[in-house]
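Worksheet: the structure to be examined is printed underneath.
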Amino acid sequence: MEDNKELLKKNLQEQDEFEKNQVIMTPGQLVAKRFFRNKLACVGVAIIIVMSLFCIIGPFISPYGEYEIFYKDMNTGVEHRMQEELDMSQMGINVKAPISEAHWLGTDTDGRDVFTRLMYGGRISLTVGFVVVIIELIIGIFLGGLAGYYGGAVDMVIMRLVEVFYSLPFIPIMLILSSLFVGYNISPQYKIYFIMIVMGILDWAGVARTVRGQILSLREMEYMQAAESTGIKTSRKIFKHLVPNTMPIIILIATMDIGSVILYESVLSYLGVGIAWPYASWGNMANTVTDSIILKNYPNIWAPPGLLILLTVLAFNFIGDGMRDAFDPRMKR
């Protein structure tokens, strides 16, 4: 009997010691732990970090400028470097330099260093992705929050608006806008901003519908009933208590949509209605593949931007999958 008491006492002491040594983790730490256990998500983060450093820091250490032109005199074999536009009608010059120590990925059809243009093009492609997602989140969260909280006529009007935006054909609208930009002589510099704003406005409907669904379920929770009994303002209830509780799904939407927007921009640039020359993006750099001669003989011009688009979109999808699993409390990883 005494031995059993001693054994029980010893087990209780060991259990107390074990509980003392356990680290109490916050919900955020648990989410981070589950996220970084996902190997593909970690690969995605690593790719995005490398791409960001390549595009942000790379241009500062590159020996070449974005618009510098290189051409070789076929008679003397000497390579020339110039800032102004080259007269392509000149005979005896070659602008498409092969891969070499001076040009790691050669030069493109305009005589510009491909490796350097990839850095500047990545800046624009990534910027378009982030800005468009920010615009769609702002509009979608605001309208989705109002629809989910108020319901009734407000919900009906906003949801009909969502259905209208869902039914709009994206590519034809961008083609029409591109022709308007050309007709009104919009500068390529300002065309970038117009493209980002239009893409953000056309792509908010999915965010609004998701946020609305989340808030419809959250507003019936006990903590919201307690908040209403305190008499706080409606705007504070929506954007202080309801919207923050939809952040997991909003973060997931953002990470998945950034990759999709980069892909959309690439498609638009490939069709010639996206980022306009002389500015570079990965999409309009890959657009050179439409030339059969470039396709067959100069893969160094079109393959690198296509590979970077593929890696970046995959990376954001990996991160989105990791975020989904990390925020799911049913996941045991």
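Of all the criteria given as (1) buried (at least 20 other Cβ atoms within 10 Å of the Cβ); (2) farther than 17 Å from residue 40 by Cα, the one not satisfied by residue 292 is (1).
Considering 126, 146, the condition of being under 18 Å from the mean Cα position of the chain (by Cα), surrounded by 15 or more Cβ atoms within 10 Å (Cβ to Cβ) and part of a helix (DSSP H, G or I) is satisfied by 126 alone. Against the condition closer than 19 Å to residue 128 by Cβ, at pLDDT 85 or above and in the same structural domain as residue 260 (by TED's automatic domain parsing), how does residue 156 come out, does it pass? For residue 156, the condition - closer than 19 Å to residue 128 by Cβ, at pLDDT 85 or above and in the same structural domain as residue 260 (by TED's automatic domain parsing) - is not met. Looking across region 220-256 at every residue that is surrounded by fewer than 16 Cβ atoms within 10 Å (Cβ to Cβ), hydroxyl-bearing (Ser, Thr, Tyr) and assigned to a helix (DSSP H, G or I), the one that is farthest from the chain's Cα centre (by Cα) is identified as 229. Of all residue pairs spaced 6 or more apart or on separate chains, those with beta-carbon atoms under 7 Å, a first member in region 46-62 that is under 14 Å from residue 319 (Cβ atoms) and a second member that is among the small types (Gly, Ala, Ser) and outside any loop (DSSP other than H, G, I, E, B) are 47/315; 48/315; 51/122. Apart from one condition, residue 273 fits all of (1) assigned to a helix (DSSP H, G or I); (2) over 13 Å from residue 309 (Cβ atoms); the exception is (1). When the criteria are applied in full, residue 260 meets the requirement of being within 30 Å of residue 29 (Cα to Cα), within 19 Å of the chain's Cα centre (by Cα) and either among the polar types (S, T, N, Q) or outside the structural domain of residue 199 (by TED's automatic domain parsing) (or both).
In region 50-66, of all residues being in a loop (DSSP other than H, G, I, E, B) and out of contact with any Lys or Arg (no Cβ under 7 Å at 6 or more places or on another chain), the one that is farthest from residue 124 (Cα to Cα) corresponds to 63.
Restricting attention to region 276-287, the residues that are assigned to a loop (DSSP other than H, G, I, E, B) and in contact with a helix residue (DSSP H, G or I) (Cβ under 6 Å, 6 or more places away or on another chain) add up to 4.
Is it the case that residue 206 is assigned to a helix (DSSP H, G or I), modelled with pLDDT of 80 or more and buried (at least 21 other Cβ atoms within 10 Å of the Cβ)?
Values: assigned to a helix (DSSP H, G or I): yes; modelled with pLDDT of 80 or more: yes; buried (at least 21 other Cβ atoms within 10 Å of the Cβ): no.
Against the criterion (assigned to a helix (DSSP H, G or I), modelled with pLDDT of 80 or more and buried (at least 21 other Cβ atoms within 10 Å of the Cβ)), residue 206 does not qualify.
The values are calculated or read from the model by the stated rules, or taken from the named source; none is laboratory data. None of the values given here were measured: they were computed from a predicted structure. Virtual Cβ from ideal backbone geometry, glycine too; neighbours counted across all protein chains shown.
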